[in-house]
Amino acid sequence: MKIANGNEIIQLFESWSPKKLACMENDPIGLAIGTLNKPVAKVLVTLDVNEQVADEAIAKGCELIIAHHPPIFRKLSNIRTDTPAGKLYEKLIKNDIAVYAAHTNLDVAEGGVNDLLADALQLENRQILEKTYHENLMKLAVFVPDDYAEKVRFALAKAGAGHIGNYDSCSFSTNGQGRFRALEGADPFIGNIGEMEMTDEEKIEVVFPHSIKNKVLKAMLNAHPYEEPAYDIYTLAVETNEMGLGRVGTLKQPMTLEQFAQHVKTQLDVPCVRVVGDVEKTISKVAVVGGDGNKYIYAAKRAGADVFVTGDMYFHVAQDAQSIGLNIVDPGHHVEKVMIKGVAEKMTTLCENAKITTQFLQSEVNTEPFIFI
């Protein structure tokens, strides 16, 4: 077991919530303040970073804060320490506390904010509400001497190639003869310099997502006996690894909109909610988007949702939802606090598996700016 460097911690974090999933233009994600090039024994997980959270991190001896909402959302023209923001940045820097922000990438990630909200609302049969990310499948065709075909197939499968739906180790093979002549300077596995050679070979074809291309090629080259393997690689017009914002699913048991609003209050731990719609209407299918989901009312309607759970609902957007027959339950933006417990638990598990002793502490500071009277 070891205390990890900050870069190792973030590498683990980005293994399940990578930056490439961010879906907002110029989303200021990643390292916002300080350095990761240091040992990190304690990490504070928080929704927001304000001065009270900074004081909490100092008191608890944390070297790193992982936040959902970026502490620097717009480009700075100056850092004045006589302003609230400047005072916060000064305190964090003087106490050598780094801040890393995971915003819309954490919204989209499997197990991220929207899945955590769907978990809390006990939604079943979940699907993505709005697709924001996908990869194209690629195909590798490699020519291998018969005696080594199984070894190469195994290496490709271990690298993640050939995974189709609920099946893995998928491949297709055809047999034929390979012909070649080794030139001066070569070190042929079969045959001699300057002589034509023919050998029985197997053509192995596998598919894989673009993101693991380098890993698959490295595995193939390491397992292949030839000095210069012959292979083809294609990008296919087939999409895979679809991910996106929001979730839509069904309740275990139908309930009225009024009952569902009470369910949201209880499950998301909020004092009140705003509701649009007929409170006697039966609710079965639910769409949810953490934070501000105003622009997704039509996606929720297309998905067949009876009700849309999201925060910061605008007056005129609420009227638009009403006009298309979509019920709304608005529990506020701060319900994204579910990420505090979710991220801390996920990172604790990842670190335990990696034999890392770094602790992940859940912020106890309430960053909700509103009070309800």
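The values are calculated or read from the model by the stated rules, or taken from the named source; none is laboratory data. All of these numbers come straight from a predicted model, not from anything done at the bench. When we count neighbours, we look across all protein chains shown, and the Cβ atoms used for this are built from the backbone with ideal geometry, even at glycine. All accessible areas refer to the heavy atoms of the entire protein, side chains included, with ligands and DNA or RNA removed. Shrake-Rupley method; radii C 1.70, N 1.55, O 1.52, S 1.80 Å.
Miscellaneous remarks
- Under a Gaussian network description of the chain, with springs only between Cα atoms under 10 Å, the residue in 85, 182, 223 that fluctuates furthest is 182.
- Label-to-label distance, nm, for residues given as residue 11 and residue 258 (7 Å Cα→Cβ offset): 5.7 nm
- Global form of segment 242-318, assessed from the alpha-carbon gyration tensor, a/c cut-off 1.5: rounded
- Each of 243, 224, 253 was scored by the projection of its Cα onto the charge dipole of segment 176-256, and the greatest displacement toward the positive side belongs to 253; charges sit on the C-beta of Lys, Arg, Asp and Glu.
- Fluctuation leader among 68, 103, 163 - the chain, Gaussian network, Cα springs under 10 angstrom: 163
- Surrounding net charge for residue 45, when Lys and Arg each add one and Asp and Glu each subtract one, Cβ distance under 14 Å: -1
- Loop-resident chymotrypsin sites (Phe, Trp or Tyr not before Pro) (DSSP state other than H, G, I, E or B) in segment 58-162 with no more than 16 further Cβ atoms inside 10 Å of their Cβ: 73.
- Protein accessible area in the chain, 1.4 Å probe - carbon and sulfur %: 49 percent
- If you take all other residues with their beta carbon under 13 Å from the beta carbon of residue 56, and give Lys and Arg +1 and Asp and Glu -1, the sum is -1.
- FRET efficiency for the pair residue 2 and residue 198, taken as 1/(1 + (r/R0)^6) with r the Cβ-Cβ distance and R0 = 30 Å, rounds to 0.05.
- Cα-based shape type of segment 1-113, given that a ≥ b ≥ c are square roots of the gyration tensor eigenvalues and the cut on a/c is 1.5: oblate
- When the trypsin sites (Lys or Arg not before Pro) in segment 53-101 are filtered for DSSP coil states and for at most 15 other beta-carbon atoms within 10 Å of their beta-carbon, the remaining sites are 60, 74, 75, 80.
- Per residue, the accessible area of the chain comes to 52 Å², computed with a 1.4 Å probe over protein heavy atoms only.
- Among 43-49, 209-215, the order from most to least packed when residues are scored by Cβ within 10 Å on average: 43-49, 209-215
- Residues within the reach of a label modelled at residue 151 (point 7 angstrom out along Cα to beta-carbon, backbone nitrogen below 16 Å), restricted to segment 225-249, are 225-230.
- Given the chain, longest segment not containing exposed loop GluC sites (Glu not before Pro) (DSSP; at most 14 other Cβ within 10 Å): 26-109
- Spread over its residues, the convex hull of the C-alpha atoms of the chain is 194 Å³ per residue.
- The residues neighbouring residue 318, those whose beta-carbon lies less than 15 Å from its own, together hold a net charge of -2 under the Lys/Arg +1, Asp/Glu -1 convention.
- Its Cα centre serving as origin, segment 273-355 has a Cβ charge dipole (Lys and Arg +1, Asp and Glu -1) of approximately 260 debye.
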